[in-house]
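Below is one structure, written out as structure tokens; the observations come after it.
No value in this document is a laboratory result; all are computed from the given coordinates. Not measured: the values here are computed from a predicted model. Cβ: placed from backbone, ideal geometry, glycine included. Neighbour counts: every protein chain shown.
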Amino acid sequence: MTLKSIYDVVVIGSGPGGLAAAITAKKNGAEDVLIIERDVELGGILLQCIHNGFGVEIFKQDLPGPSYAQRFINDALSLGVEVVTDTMVLDITPQRRIFATGKSSGVLDIQARAIVLAMGCREKTRAQVRLPGTRPAGVYTAGTAQRWVNVEGFMPGKKFTILGSGDIGMIMARRLTFEGAKVERVLEVMPFLTGLMRNYVQCLLDYDIQLQLSHTVNRIIGKDRVEAIESVQVDNKWNPIPGTEEIIPCDTLLLSVGLIPENELSKKAGVRIDPLTNGPFVDNHFETNVPGIFAAGNVVHVYDLVDWVTEAGFASGKSAAEFALREKAKEIRHIPLKAGENVRYIVPHTLDKESLAEGDIRLQMRVKVPVEDPVWVEARNGDKLISRKLERYVRPGEMVTFVLAQKTYDEVKNASAITMSVIKK
Amino acid sequence: MKNEYDVIVIGAGVVGCMVARWLARYQINILVIEKEADIGMGASSANSAIVHAGYDPVPGTLKAEMNVTANPMWDTLAGELNFGFDRRGDYVVAVNNGELLDLEKLLQQAQKNGVPGMHIITSAEMKHREPKINPDTTGALWAPTGGICDPFQVTIAAAENAIENGATFLLETAFQDFILDGKKIIGIKTNHGDFKSRWVVNAAGIHSDEVMHKAGVRPEFKIQARRGEYLILDRAELTINNVLFPVPSEKGKGILVTATLHGNTIVGPNANVLPDKEDRSVSRDGMDELQQGAARLVPSLNLRSTIALFSGMRAYGNAPSENPGVKYNSDFIIEIPKSVKGLVNLGGIESPGLTAAPAIAQRVVDLMKDAGEKFVDRKVWCPIRPARPHFREMNQEEQIKLVKKDPRYGRIICRCENVTEGEIIAEMHAPIPARTYDAIKRRTWLGTGRCLGGFDMPRVVDILAKEMKVSPLEITKKGGSSQFLTGITKIQEGN
């Protein structure tokens with residue numbers, strides 16, 4: 001497939017937010033819609049969420065993640081949304097130029113009339129919660145472990161401790177138990193559950209997995225591979241309480257300690273980020289402070305239900321399409337003024353054709369070389385002369401002024417460019 | 001594999017690799033042995049990455065001499081070996097009037113050591129040069145010859161150039177004992193058998209005391225492992241473009257806040273002696289110490305944007321200075337001992353060891369010459385080690401060209417640092433092949449960004465397994481028994 005160099009709407013990310021945005025963009029009149037996805041398949045993180053719990057709000061059905069995603073993938077493809085996978089966006093400019101790269105797509109340079117940021121979020125790591133101890137194999141974020149188990153078919157350990165009562169951690173506790181692994185404990189530093197109560201009941205209580213509130217990992221033990229962790233109780237300021245340490249033998253520590261909207265690209269595009277949500281400041285159209293750049297889903301703030309991400313995607317896709325159509329209309333109205341024979345430059349650079357209907361427009365230019373004989377200063381649409389004016393001479397040091405008269409509107413309105421030339425009479 | 005060499009170097013840290021690179025220009029057979037699964041796994045890859053100007057070591061010590069001799073060698077070295085090096089200068093920042101007096105003393109010491117170009121700048125000038133500096137600063141000592149580098153790149157580049165010129169490297173090969181013929185070393189015993197050699201260079205870093213004791217040399221010399229903890233901050237959150245030291249104390253140069261060549265800011269190290277030489281863990285107290293140290297220089301620094309923690313073990317020795325007029329008790333050892341023949345003995349090489357490495361390598365050659373070794377120049381000696389492409393450092397035109405030539409360079413595996421599949425595979429086929437996740441990480445800087453490998457880890461394990469034609473279950477983080485995965489799921493069993 002060959003990609004175009006200009007798209008109405010480019011969506012970055014094909015998770016639930018991105019898919020929904022692409023679908024509504026297309027439905028709202030955007031002709032050329034492109035999704036850029038860094039993974040080899042569409043669907044985002046839903047592909048590794050093989051548990052149920054998706055679609056209750058939107059479809060009134062309890063679906064596993066991949067099935068939920070597939071409905072939207074089918075819709076997008078049948079509407080003619082273009083997709084490029086295995087491709088990473090490297091940079092976005094405030095002028096909505098996108099640079100990306102992929103093994104089969106090569107280095108891409110695409111101009112978008114509107115962009116929907118749908119990069120989702122990433123997991124907090126060991127360093128962000130500053131866990132002390134050794135640095136062996138066997139310390140993974142819950143999402144990385146989930147990918148290994150559900151997508152690639154590998155077990156990342158046999159005996160687990162999980163830090164954090166976030167949803168992914170609890171869901172993985174159940175999933176790993178299904179696979180015959182032992183989940184020794186779930187530790188939560190807060191005095192309350194941080195994930196959904198339904199996950200606590202269905203994933204921990206039903207499988208007799210112990211949750212310890214106000215506990216954290218005091219240190220990680222093991223040289224090559226995790227051999228144990230030391231847990232500790234914390235006070236209400238999260239300080240470890242001496243004497244409460246306990247060694248929990250295990251070969252793996254999973255971290256489910258929070259999600260952060262992934263906005264490094266947004267920042268490159270000049271998008272302002274709210275330090276509270278870690279996502280862009282948006283208006284009710286999900287437009288950011290940068291005109292034409294919209295954001296949808298977990299890239300804005302971390303949702304607890306995928307259905308809400310989809311809804312946000314729908315809203316932002318519609319707004320993006322409307323913006324793109326307005327841009328396109330402007331592009332048709334605005335035509336370039338091109339420098340022809342013996343013209344160095346012209347100001348203005350472009351012309352809004354509709355303003356010619358309201359009155360004359362003055363153009364100013366400089367010539368490249370002096371001509372000491374009479375010359376025609378001409379405005380042409382291709383070969384066709386629109387109007388011209390006689391000058392006794394032209395010199396680079398003396399600006400040439402040319403008035404495009406209101407009465408030329410009928411000639412100009414069908415032009416895609418106007419070329420100015422200075423020709424010997 | 002042959003088992004007879006002219007020179008065996010024990011330890012493939014930056015010093016061992018640099019010695020091998022220096023010796024490889026002569027017609028001799030060189031073997032470098034390393035006990036770990038990769039080179040440079042000790043202090044060489046866990047330090048502040050600074051090429052010191054040389055104002056800090058006590059005048060008259062070997063540390064001072066080697067530092068000041070080596071510093072000007074780095075421009076040529078970086079040019080020949082193609083590693084990242086930036087001579088951007090450094091500052092020692094005073095935050096009260098007492099410390100301002102210390103700067104004067106430090107400047108005098110610099111002049112004694114022969115460090116060029118140093119002078120004290122005013123607090124206003126310091127604030128201008130680094131707007132994020134502690135507003136209480138009273139002035140700073142400016143050292144224009146200080147620099148920063150990527151220390152692992154330095155180590156690997158020296159090793160690759162040595163290999164290019166004929167040296168052999170053996171990994172996971174641990175020194176066990178010397179083979180002696182009377183008072184003469186004729187070889188070594190390792191876990192992979194015996195190797196004969198006319199010379200053995202002890203570059204065993206933190207374990208160099210144990211190695212020299214096996215030859216009966218300096219039984220009183222002891223290395224204590226001094227752990228230095230570090231943390232790296234997200235460059236999207238905060239960037240310091242300067243190298244900022246506090247005023248040094250008896251514990252060392254103190255906790256600095258410095259720029260890295262990768263654009264991140266790094267904070268560290270503290271310095272705590274630990275009983276276990278291999279204990280490279282990070283501690284809660286240590287992180288608190290770093291926080292306080294950093295706040296002294298840059299109060300606005302928020303450690304919530306920490307993206308990585310690590311620690312390194314420095315070889316803190318107890319060798320007195322050989323210089324009779326100098327009272328100093330933890331100097332470098334660079335010698336050919338008289339009590340035994342065939343040993344070049346290096347010990348206590350802690351900071352400024354990275355900086356000093358090229359000068360130490362030259363000194364090793366000189367000492368061997370003095371001891372009667374007749375070096376003959378190699379007929380063809382190539383001083384240049386070519387760099388491999390790094391996608392993220394290229395402009396768009398270069399990127400397009402590279403991806404057209406090899407599409408694997410178009411596929412980003414590490415989203416934060418933009419490291420490509422092509423780079424990973426190139427490192428797997430380099431002169432010292434990367435075989436573990438950490439080996440790939442040290443060479444490409446992959447997995448060091450804000451997601452700390454969460455995205456790339458399954459992908460890199462997959463690439464390593466496919467390229468080596470083994471099961472992903474065999475792929476390790478850092479050799480030994482550090483496998484990432486323990487088995488396959490029930491669904492896969494069913495297939």
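What is the Cα centroid distance between the range A:135-205 and the range B:130-154, reported in whole angstrom?
Using only Cα atoms, the two centres lie 43 Å from each other.
Tell me whether the range B:99-150 comes out rounded, prolate or oblate; compute the Cα gyration tensor, take square roots of the eigenvalues as a ≥ b ≥ c, and use a/c under 1.5 as the rounded threshold.
It comes out oblate by the Cα gyration axes.
For the range A:264-345, report the convex hull volume of the alpha-carbon atoms normalised per residue, in Å³, without decimals.
Normalising the Cα hull of the range A:264-345 by residue number yields 120 Å³.
Towards the positive end of the charge dipole of chain A, with charges on Cβ (+1 Lys, Arg; -1 Asp, Glu), say which of A:ASN414, A:ALA76, A:SER231 has the farthest Cα.
A:ASN414
Let me check against my output: what whole-number percent is the relative contact order of the range A:125-257, with C-alpha pairs under 8 Å and at least 6 apart?
Once normalised by length, the contact order is 34 percent.
Return the whole-Å distance between the Cα centroid of the range A:357-423 and the Cα centroid of the range B:61-106.
So the two Cα centres are separated by 64 Å.
Which residue, A:VAL375, A:THR85, A:THR252, has the largest displacement toward the positive end of the dipole of chain A when charges sit on each Cβ (Lys, Arg +1; Asp, Glu -1)?
Positive-end residue among those listed: A:VAL375.
Once you treat every alpha carbon in the range B:391-494 as an equal point and sum by Debye, what is log10 I(q)/I(0) at q = 0.11, 0.19, 0.22 Å⁻¹?
At q = 0.11, 0.19, 0.22 Å⁻¹ the computed log10 ratios are -0.36, -0.95, -1.18.
First check a/c for chain B, with a ≥ b ≥ c the square roots of the eigenvalues of its C-alpha gyration tensor; if it is under 1.5, answer rounded, and if not, answer prolate when a/b is larger than b/c or oblate otherwise.
oblate
FRET efficiency for B:LYS189 and A:ILE247, Cβ-Cβ distance as r, R0 = 51 Å, nearest 0.05?
0.85
Would you please give the FRET efficiency between B:GLU4 and B:LYS401, computed as 1/(1 + (r/R0)^6) with r the Cβ-Cβ distance and R0 = 45 Å, to the nearest 0.05?
For R0 = 45 Å, the calculated efficiency reads 0.45.
What ranking do B:470-479, A:129-138 get when scored by the average of other Cβ atoms within 10 Å per residue, highest first?
A:129-138, B:470-479
Go through A:GLY195, A:MET155, A:GLN128 and say which Cα lies farthest out towards the positive end of the charge dipole of the range A:125-257; charges sit on Cβ, +1 for Lys and Arg, -1 for Asp and Glu.
In the range A:125-257, that residue is A:GLN128.
Run the dipole for the range A:340-424 about the Cα centre, Lys and Arg Cβ at +1, Asp and Glu Cβ at -1, nothing else charged, and hand back the magnitude in debye, nearest 20.
200
Using r as the Cβ-Cβ distance of A:SER5 and B:ARG304, and R0 as 41 Å, what FRET efficiency do you calculate, to the nearest 0.05?
So, using R0 = 41 Å, E works out to roughly 0.50.
So what is log10(I(q)/I(0)) for the range A:125-257 at q = 0.11, 0.19, 0.20 1/Å, when the Debye sum runs over its Cα atoms only?
Result of the Debye calculation: -0.33, -1.04, -1.16.
How large is the dipole of the range B:138-282 about the Cα centre if only Lys and Arg carry +1 and Asp and Glu carry -1, each at its Cβ, rounded to the nearest 20 debye?
Here the size comes out at about 520 debye.
Multiplying the sequence separation of A:ASP283 and A:LYS407 by 0.36 nm and subtracting their Cα-Cα distance, what value in nm do you get?
Full extension from A:ASP283 to A:LYS407 adds 40.4 nm.
In the P(r) worked out for the range A:249-400, what percent of Cα pairs fall beyond 27 Å?
54
Going through the cross-link list A:LYS353/A:LYS389; B:LYS277/B:LYS341; B:LYS401/B:LYS477, which pairs have a Cα-Cα distance over 26 Å in this structure?
With Cα atoms farther than 26 Å apart: B:LYS277/B:LYS341; B:LYS401/B:LYS477.
Which whole number gives the average count of other chain Cβ atoms within 10 Å of the Cβ atoms across peptide A:217-226?
If you average over the peptide's residues, the count of other-chain Cβ atoms is 4.
Please report, in whole Å, how far the alpha carbons of the protein assembly as shown spread along each principal axis, starting with the longest.
108, 85, 60
Of all beta bridges DSSP finds with both residues in the range A:125-257, what is the antiparallel percent, to the nearest 5?
40
Could you work out the percent of alpha carbon pairs in the range A:184-266 separated by over 22 Å, rounded to a whole number?
36
So, by mean Cβ neighbours within 10 angstrom, what's the order for B:312-320, A:75-83, B:121-129 with the highest one leading?
Final packing ranking: B:312-320, A:75-83, B:121-129.
Which value in Å does the Kirkwood hydrodynamic radius of the range A:340-424 take, with 1/r averaged over all unlike C-alpha pairs and then inverted?
That comes to 13.0 Å for the range A:340-424.
Note down the relative contact order for the range A:340-424 as a percent, whole number, built from C-alpha pairs under 8 angstrom at least six residues apart.
41
Which percentage, to the nearest 5, of the DSSP beta bridges contained in the protein assembly as shown is antiparallel?
DSSP beta bridges in the protein assembly as shown are roughly 65 percent antiparallel.
Find the relative contact order for chain B and round it to a whole percent, using C-alpha pairs within less than 8 Å whose residues are 6+ positions apart.
For chain B, the relative contact order is 19 percent.
With +1 on the Cβ of every Lys and Arg and -1 on the Cβ of every Asp and Glu, and nothing else charged, how large is the dipole of chain B about its Cα centre, in debye rounded to the nearest 20?
About 660 debye.
Counting DSSP beta bridges with both partners in chain A, what percentage is antiparallel, nearest 5?
Counting only bridges with both partners in chain A, antiparallel ones make up about 60 percent.
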